[in-house]
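Asks: Structure incoming, see below.
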Amino acid sequence: MLWSIWIDMNTQNKRQPGRPSTLSDKGRPILLLSLLLILIFAVMIWNAAKLREALSHSTQGYLRDVTSESASDIRDSFQSRITNLKMMADSLSQIREYQGSNALTEFLERKAQILEFDRLILINREGSVIASAGALDPGADSGGSPKTSPSIQLPPEACVTYTGGKYLLYSAPVYRGNGPDELLVGTRSTENIQDMISANSFNGQMLSCIVDNSGRVVISPTDLKPFLRLDDLFRNDQNQEVIADIHRMQADMKGGREGLLKFTSATGEKLSLSYNALQLNDWFLLTIIPADIITRGAERYIWQTFAIVGVTILFFTLFLLSLFRLYGAHKKHLEQIAFTDPLTGGLNNAAFQARYRSLADSLKPNTYAIVFLNVCGFKLINEQYTTEGGNRLLCHLYRTLERTADRDREEFAARGESDHFFLCLREHDPQTIQLRLDQVIREINASQAADLPALPITVRSGVCLVEDPGQDITILQDHARLASQNPTPDHNRICAFYDDSLTDRLRLEQELNSLFDSSLERGDFLIYLQPKISLQDNRLAGAEALVRWNHPVRGIIPPSDFIPLFERNGKICALDRYVFTGTCAALAGLKRDGRGMFPVSVNLSRQHFRTPGFLDDFARIAEQHGIPRGIIEFELTESIFFDNRQIEIVKESIRTMHDLGFLCSLDDFGAGFSSLGLLKEFDVDTIKLDRSFFLNMSGRKAKDIIASLVELAGHLQVRTVAEGIETPDQVEYLRGIHCDMVQGYVFSKPLPIPEFMARYLS
């Protein structure tokens, strides 16, 4: 955009530091618009000038063509009359004796009518009229008889002359004997020639005349005003440029050359004059037109175009100004939509990023930290206290974070999405950041507001220390988010700090994810069995099927590296079916060898329960391998039972397991807060006591809890398995409280199937 955007960064409409909107920013669109308009008008003026110049050249060329054509027509007319008169003179020269004056007069009258002469006169060498025909000549006396004149010099060739009156005289010698003895004269009114030079072009605005090479008018149109001015031009014009043009014109006319002249008439009108030699006597045809006869119309359209463009630009300018005003009126509203979180009324993620970018240029390395905060178990809060209650909690969290941020130190907070928040702190010491976040959690839980959920709120946070302020904020946010997903060594600490190892871990997960399909097809996943030993007789009571990944290039990949990954991306379902199929195949091999089968528990991910009828695939596989009922047991982790949306699905799935001949075991029992309630709600066959029970059994209280759980399971007819057992003392204690089975390194680590068979079934 050509103008900058001010960002309202908080609910008090306080402008946060960033890129401010300046007066020059606001004036830039107007300046650019003005320059654009000036450019448009300049181009139009230049184009109009070029158009006028082109039209002027076109007019001059057209004028030359018209004058040249008119001169040719007039010249042909004169030559035609002269030729006809010569032919008639030749005819008269053949007549030896006149048949009387009357007959000669009739001949001349007939020829005058045919050849369109006003009068034909035959004159002898003494100047006496021999015969005449036609209208009365101005040279005749009042009685109508031709006047006699002294002896005349007969011209050797036919010609035309101008007498200075209203007539043109055409003459041709009549030869009798060795020379001209008589002269045949024909007269024509100049009006006939005036018709030829009348305006037939340029919409009747053209004037033409015939002059001699000295500029004296021979024949002119009725309106002589321009030509009277023309006479003055040859004598009195004081314009040096015009005088030079006139001298050039006079020189051209003396030399019989054509040309063009521009001058101003007595009325002040600008005219263009073209002159062409008639090649008759020393006469020239002059043609005059207004200099702007063509450009005048074009200029009208040019000015109309200017007016149209001007009006268009005016309306466009008014429209833009209206848009600017409308933008200014709705600016804050637009900013609120773009940069304000609709729930909390504070900054959203876009505003957080924009605010950091405006700050980054002035930051010093190792002075700031980006903090990501995530409310633990927020979905359960929404389900328990409704969405409205969850929204009130989120608003409370944001207000607390906003109070925590020190504006004087250019710290700020924002809500990202859902229950995620971001903090930008001017801190770089991990201990100080940890203390400040601990204080935030205390303030969040210290609220006594009646409209807030009455339970402790746990917030998981990740911190990215800003070492390079120029690094993109989205990357810093991702690093903080990634840190929050990394479990800390001290589970009492809810804050984790980003380091490059997290990126390495992410890169590793991406690599493992890409290797999964090929490894599954190649059989790189190996099935291991860990025995479950009965405490009644110390014999094999069952086993748990576990998976190990032996990649041909990477070697052994620990389950802790790929199991959580495949749980998140859903590939664990394919891996569970792979392990189940391999376990069934191993048990079927025992049956073929004539050895007895033993119960085997197979882990079943919670991801399966998202697919209706998933147990049908497992039942089909077991049937294909001939596995009898009660041999395969599915182990379900305790976390699956705390998803309220899946409770009924899990209940129904357990009933289906039993119907299909499978057993069900509850793994990691006691790790959650509602383990005892699960025994009431779900019909499981076995519980596996979580290894956390056995990490510290020195106290009486811990042993009593374990004994109570085993006793309760016995009353409910649910078998118990203690996992993670590593010492004989633990075994003896569990045997004393009547625990059914023990699984742990005290007896054996997980073994490959062949080694397991060799040790326990040989």
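Asks: Evaluate the following for residue 532: is it basic (Lys, Arg), modelled with pLDDT of 90 or more, buried (at least 19 other Cβ atoms within 10 Å of the Cβ) and touching a strand residue (DSSP E or B) at 6+ places or on another chain (Cβ under 9 Å)?
Replies: Here the answer is yes, as residue 532 does meet what is asked.
Asks: Within the stretch 344-386, track down each residue that is of a type in the set (A, V, I, L, M, F, W, C) and more than 21 Å from residue 460 (Cα to Cα). First the steps, then the outcome.
Replies: So in the stretch 344-386, the residues of a type in the set (A, V, I, L, M, F, W, C) come out as 347, 350-352, 354, 359-360, 363, 369-373, 375-376, 378, 380-381.
Result: 350, 351, 354, 359, 360, 363.
Asks: Would you mind telling me which numbered condition in (1) in the same structural domain as residue 558 (by TED's automatic domain parsing); (2) over 19 Å from residue 633 (Cβ atoms) residue 683 fails?
Replies: In the conditions (1) in the same structural domain as residue 558 (by TED's automatic domain parsing); (2) over 19 Å from residue 633 (Cβ atoms), residue 683 misses (2) alone.
Asks: Please identify the pairs in which a residue from the stretch 664-684 that is basic (Lys, Arg) has its Cβ atom under 9 Å from the Cβ atom of a residue that is surrounded by fewer than 18 Cβ atoms within 10 Å (Cβ to Cβ) and modelled with pLDDT of 70 or more, counting only partners at least 6 apart or on another chain.
Replies: Within 9 Å, the pairs are 680/716.
Asks: Still on this structure: Name the single residue that is surrounded by the fewest Cβ atoms within 10 Å (Cβ to Cβ) among those in the stretch 535-580 being at positive phi and without any contact (Cβ under 8 Å) to a residue 40 or more places away in the chain.
Replies: Ranking the qualifying residues of the stretch 535-580, first place goes to 555.
Asks: Can residue 432 be described as modelled with pLDDT of 85 or more, out of contact with any Phe, Trp or Tyr (no Cβ under 6 Å at 6 or more places or on another chain) and loosely packed, with under 14 Cβ neighbours inside 10 Å?
Replies: Yes; evaluated as a whole, the condition is true for this residue.
Asks: Any idea which of 287, 305, 317 is of a type in the set (Ser, Thr, Tyr), over 26 Å from the mean Cα position of the chain (by Cα) and either at pLDDT 85 or above or in a helix (DSSP H, G or I) (or both)?
Replies: 305
Asks: For the stretch 406-415, state whether one or more residues are outside any helix (DSSP H, G or I), more than 39 Å from the chain's Cα centre (by Cα) and at positive phi.
Replies: No; the residues of the stretch 406-415 include none that is outside any helix (DSSP H, G or I), more than 39 Å from the chain's Cα centre (by Cα) and at positive phi.
Asks: Quick check: anything in the stretch 290-298 surrounded by 15 or more Cβ atoms within 10 Å (Cβ to Cβ), at pLDDT 85 or above and acidic (Asp, Glu)?
Replies: no
Asks: Determine whether the stretch 581-591 contains at least one residue that is farther than 24 Å from residue 517 by Cβ, in contact (Cβ under 8 Å) with a residue 40 or more places away in the chain, assigned to a helix (DSSP H, G or I) and hydrophobic (A, V, I, L, M, F, W, C).
Replies: So far as the stretch 581-591 goes, yes, one or more of its residues are farther than 24 Å from residue 517 by Cβ, in contact (Cβ under 8 Å) with a residue 40 or more places away in the chain, assigned to a helix (DSSP H, G or I) and hydrophobic (A, V, I, L, M, F, W, C).
Asks: Would you call residue 635 at pLDDT 80 or above, closer than 30 Å to residue 594 by Cβ, part of a strand (DSSP E or B) and of a type in the set (D, E, K, R)?
Replies: Yes; evaluated as a whole, the condition is true for this residue.
Asks: Here's a follow-up. Go through the residues of the stretch 328-339 one by one and say whether even a single one is of a type in the set (Asp, Glu), modelled with pLDDT of 85 or more and assigned to a helix (DSSP H, G or I).
Replies: Looking for residues that are of a type in the set (Asp, Glu), modelled with pLDDT of 85 or more and assigned to a helix (DSSP H, G or I), one finds none in the stretch 328-339, hence no.
Asks: For the condition of a type in the set (A, V, I, L, M), modelled with pLDDT of 90 or more and touching an Asp or Glu at 6+ places or on another chain (Cβ under 9 Å), what is the one hit in 401, 425?
Replies: One residue alone meets the criteria, 425.
Asks: Let me spell it out: the conditions are (1) surrounded by fewer than 20 Cβ atoms within 10 Å (Cβ to Cβ); (2) in contact (Cβ under 8 Å) with a residue 60 or more places away in the chain, and residue 724 meets all of them except one. Which number is the exception?
Replies: (2)
Asks: Between a residue in the stretch 728-747 that is within 18 Å of residue 711 (Cβ to Cβ) and at pLDDT 90 or above and any residue that is part of a helix (DSSP H, G or I) and small (Gly, Ala, Ser), which pairs come within a Cβ distance under 7 Å, given they are 6 or more apart or on different chains?
Replies: Matching pairs, first to second residue: 737/707; 738/714.
Asks: Also: Quick check on my filter: what residues within the stretch 503-543 are in a loop (DSSP other than H, G, I, E, B) and among the small types (Gly, Ala, Ser)?
Replies: Residues of the stretch 503-543 in a loop (DSSP other than H, G, I, E, B): 523-524, 535-539.
Of everything in the stretch 503-543, just one residue is in a loop (DSSP other than H, G, I, E, B) and among the small types (Gly, Ala, Ser), namely 523.
Asks: Next question. Looking at the stretch 358-373, which of its residues are of a type outside the set (Ser, Thr, Tyr) and at pLDDT 90 or above?
Replies: Within the stretch 358-373, 369, 370, 371, 372, 373 qualify.
Asks: Between 403, 409, 426, which is of a type in the set (Lys, Arg) and surrounded by 14 or more Cβ atoms within 10 Å (Cβ to Cβ)?
Replies: 426
Asks: If you scan the stretch 700-747, which residues turn out to be touching a Gly at 6+ places or on another chain (Cβ under 7 Å) and of a type in the set (Val, Ile, Thr)?
Replies: Answer for the stretch 700-747, where residues must be touching a Gly at 6+ places or on another chain (Cβ under 7 Å) and of a type in the set (Val, Ile, Thr): just 725.
Asks: In addition: Restricting to the stretch 100-132, and then to whatever is surrounded by 21 or more Cβ atoms within 10 Å (Cβ to Cβ) and of a type in the set (Gly, Ala, Ser), can you tell me which residue is farthest from residue 176 (Cα to Cα)?
Replies: Ranking the candidates gives 112 first.
Asks: To continue, here is another question. Quick one: which strands (runs of 3 or more DSSP E) sit completely within the stretch 660-762 and have at least 1 residues that are within 60 Å of the chain's Cα centre (by Cα)?
Replies: 663-669
Asks: Mind listing just one residue for me: the one in the stretch 494-529 that is hydroxyl-bearing (Ser, Thr, Tyr) and modelled with pLDDT of 90 or more and, of those, nearest to residue 580 (Cα to Cα)? Show your work before the answer.
Replies: The initial filter retains those residues of the stretch 494-529 that are hydroxyl-bearing (Ser, Thr, Tyr), namely 498, 501, 503, 514, 518-519, 528.
Still in the running and modelled with pLDDT of 90 or more: 514, 518-519, 528.
Numbers: 514: 23, 518: 19, 519: 17, 528: 12 Å.
Here the answer is 528.
The values are calculated or read from the model by the stated rules, or taken from the named source; none is laboratory data. The model shown is predicted, which means the values in this text are computed figures rather than measured ones. Ideal geometry is used to build each Cβ from the backbone, glycine not excepted, and the neighbour counts take in all protein chains shown.
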